[in-house]
Amino acid sequence: MSIDDSSAKIPVHIGIIMDGNRRWAKKRGLPAIAGHRAGMNALEKVIDSAHKFGVKYLSLYAFSTENWKRNPLEVEGLMGLFRLYLKNKVERLHSRGARIRFVGKMDAFGRDICEGISAAEERTRGNSAINVIICVNYGGRQEIVDAVNCLLAKGTECPITEDAVRSKLYAPDIPDPDLIIRTGGELRMSNFWLWEGAYSEYYFTDIYWPEFGREELELAISSFSERERRYGAS
Ligand code: FPP
């Protein structure tokens, strides 16, 4: 099914696990950070395409709670890219009407990154063309643990309910992802949207993230459009 077809189902929220940056770089004899830079540059076209296809929320897994265990030089390089992104790319997204939000534990970042994040969120708060959610220092298990601790600290009565946990997730107003795409050929969730992705459809592709573009996004949406979602019912 082509997604130009008016009967095509377009996911409201697509999450992407952007994997394969380092393998993309290695294949070209480049350092890992060159792969991450290419990955950062791939974002723009994917955001534009998602918007054109009518996707309202696009969440991007940019840095997990586990990524701190990587080589310190690579971690520092990634932090440099976040700074660059906040400095150079926010204005363009704003001009396209995108609202940018960051989801994860921000207290791990330096003051400059935290200020950049707040400024980007503030600048784009009134936009509604597409919501771009960048997940940084995000881990699904940590998110659930944080929600439960928050309820305990408030003295919430037992038994704790699903609705109560949901209300304390990092961004409870964002609809659950309908479709989660993972590039780079691995078949794992890697701690992404553990709670929110309970009924997401998955799409895996071998393509490395820096090579992912409009055509691949269209293939993923077409695959989603052909699936029947039953949420556990018959
Ligand atoms: C996974 O590929 C990718 C990451 C851990 C980082 C993702 C970062 C970006 C796309 C660029 C920065 C983004 C922003 C918003 C500034 P990998 O390193 O695990 O690659 P591999 O599977 O080939 O080893």
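A compact table of results
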{"read-out": "Nearby lysines by direct alpha-carbon distance to residue 26 (threshold 22 angstrom, same-chain neighbours under 8 apart not counted)", "value": "69"}
{"read-out": "GNM result for the chain, Cα springs below 10 Å: residue of 16, 160, 207 fluctuating most strongly", "value": "160"}
{"read-out": "Spatially proximal lysines relative to residue 168 (Cα-Cα < 17 Å; intrachain offsets below 8 disregarded)", "value": "105, 154"}
{"read-out": "Lys/Arg +1, Asp/Glu -1 at C-beta; the chain dipole; positive extreme among 58, 71, 114", "value": "71"}
{"read-out": "Computed lengthening from residue 199 to residue 108, 0.36 nm per intervening residue step minus Cα-Cα distance", "value": "29.8 nm"}
{"read-out": "Helix-only CD estimate at 222 nm, as mean residue ellipticity for the chain, using -39500 (n - 2.57) per DSSP H run (n ≥ 4)", "value": "-13000 deg cm²/dmol"}
{"read-out": "With every protein chain in place, the chain: carbon and sulfur % of accessible area (1.4 Å)", "value": "51 percent"}
{"read-out": "Accessible area expressed per residue, the chain, with surrounding protein chains retained (probe 1.4 Å, Å²)", "value": "51 Å²"}
{"read-out": "Sequence of 24, 68 from largest to smallest accessible area, 1.4 Å probe", "value": "68, 24"}
{"read-out": "Near-label residues of region 195-234 by backbone N, under 17 Å of a point 7 Å along Cα→Cβ of residue 23", "value": "203-213"}
{"read-out": "Most mobile listed residue (161, 205, 124) in the chain, GNM with C-alpha springs under 10 Å", "value": "161"}
{"read-out": "Length-normalised contact order of the chain in % [C-alpha pairs under 8 Å, at least 6 apart]", "value": "31 percent"}
{"read-out": "Sites residue 173 and residue 91, calculated FRET efficiency, Cβ-Cβ separation with R0 25 Å, nearest 0.05", "value": "0.50"}
{"read-out": "Out-of-range pairs (alpha-carbon distance over 20 Å; input 45/87; 9/89; 9/56)", "value": "9/89"}
{"read-out": "Helical segments meeting 27 Å axial Cα length and Kyte-Doolittle -1.0 threshold in the chain (DSSP H)", "value": "32-53"}
{"read-out": "Cα-centre dipole for region 80-160 with unit charges at Cβ (Lys and Arg positive, Asp and Glu negative), debye to 20", "value": "400 debye"}
{"read-out": "Full-extension gain in nm, residue 187 to residue 70, via 0.36 nm per residue minus C-alpha separation", "value": "40.1 nm"}
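The values are calculated or read from the model by the stated rules, or taken from the named source; none is laboratory data. In this text, all values refer to a predicted model and were calculated from it rather than measured experimentally. Here Cβ is always computed from backbone atoms with ideal geometry, including for glycine, and neighbour counts include all displayed protein chains. Note: accessible area is taken over every heavy atom of the protein model, side chains too, but ligands, DNA and RNA are not part of it. Shrake-Rupley method; radii C 1.70, N 1.55, O 1.52, S 1.80 Å.
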